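To start, the structure under review is shown below, and the notes come after it.
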Amino acid sequence: MNDRFVVVGAGTMGLGIAYVAAGAGFAVDLVEVDPGRAEAATERLDGLWARAVERGRTTADQASSARDRLTLRAGLDQVGAGPQVIVEAVPERPDLKRSVLRAAEELAPALLGTNTSSIPIGELAGGLARPDRFLGLHFFNPVWTMALLEIVVGPATAPETTDAAVALAGRLGKDPVVVRDLPGFATSRLGVTLGLEAIRMVADGVASPADIDKAMVLGYRHPVGPLELTDLVGLDVRLDIARTLQAAYGDRFAPPPLLLEMVAQGRLGKKSGQGFYRWEGGVKQ
Ligand code: NAD
């Protein structure tokens, strides 16, 4: 296995994947087309390393080497060919993902992964020359904390690609599940169901967001309630996933009007400072 790892998209997920890969010893190229997002990602990454050192999870030397292994790039054309892995983490839009994946494939990675939460791998593999090397590598937010890696095997994925993905999970310190290629896979289908119903319950006035969340945390032992989780994931991201699942499974995944309204108002959750909760400096108020 060579040691080059490319991540496309430096948003919530891409920067987390890049952080974990650099920490695992990979030389990471993190590609971000939006200069503002690239700058924000650099700041966030510096903050993550500083906090890891403060909390004794890594030494200052290890953090500084990991940081030196990670380079922000403005486009895939600035990345050398032949990396071990490319993970696409751009927004949940099939056309955008397909075009990014086609461009990524030109770099001939041994393993090409998508971090999609809900789009079938077979659908994204359509325009690829080597769909046998392609699969879903679905990381969870925040990537540095969450142990799960959901590996989604597409219709053309070769068994050795799945094996390589399982080995990669081990190197990144993740615990994998291997799942079949159906929209929403094993996790998003169930997680989004809960999130959408919680939003409908807010609209119905069943209880406050804080009490709906508290009910699931204390009553069902969920580590975090469905509305806070929606704030963490991003309301826009959940809306995109709901639309994909609605197209696949029908109106039980129809986005609730309150979700559409909040996204239209820019209330996207933690990343915008306001969602079902108010967030300041990344902390729920
Ligand atoms: P995001 O909007 O925070 O980040 C996406 C980034 O990709 C943005 O910075 C955007 O500028 C960048 N981008 C867009 N086009 C690009 C291009 N052509 N080249 C390079 N960068 C480009 O989104 P996110 O929350 O990080 O989600 C990314 C993917 O991960 C989505 O498919 C989402 O469904 C999935 N996902 C999200 C979560 C979550 O909790 N947010 C969890 C698991 C999976």
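Numerical summary
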read-out	value
Segment residue 167-residue 218, extension gain: residue separation times 0.36 nm, minus the distance between their alpha carbons	14.8 nm
Gained length - residue 200 relative to residue 280, 0.36 nm times residue gap less alpha-carbon distance	26.2 nm
Positive-pole candidate from 85, 185, 151, dipole of segment 74-202, charges at beta carbon	185
Linear extension gain, residue 62 paired with residue 179, 0.36 nm per residue minus alpha-carbon span	38.7 nm
Rounded FRET efficiency, nearest 0.05, which uses the C-beta distance separating residue 247 from residue 55 and R0 of 30 Å	0.10
For segment 1-129, with +1 on Lys and Arg beta carbons and -1 on Asp and Glu, the positive-most of 17, 40, 109 along the dipole	17
Ordering of 28-38, 13-23 by packing [mean C-beta count within 10 Å, highest first]	13-23, 28-38
Cα-centred dipole magnitude for the chain, charges only on beta-carbon of K, R (+1) and D, E (-1), debye, nearest 20	360
Helical mean residue ellipticity (222 nm; -39500 (n - 2.57) per DSSP H run of 4+; nearest 500) of the chain	-14000 deg cm²/dmol
Share antiparallel - DSSP beta bridges, segment 4-180, percent rounded to 5	10
Spin-label model distance (nm) - residue 211 vs residue 78, 7 Å beyond Cα toward Cβ	5.1
Rough spin-label spacing in nm, given labels placed 7 Å along Cα→Cβ, for residue 265 and residue 186	3.8
Computed label-point distance, nm, for sites residue 96 and residue 129 using a 7 Å Cα→Cβ extension	2.6
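Laboratory data are not the source of any read-out in this text; all were calculated from the coordinates shown. Here the structure is a predicted model, which means the values were calculated and not measured. Glycine also receives a Cβ, built like all others from the backbone with ideal geometry; neighbour counts cover every protein chain displayed.
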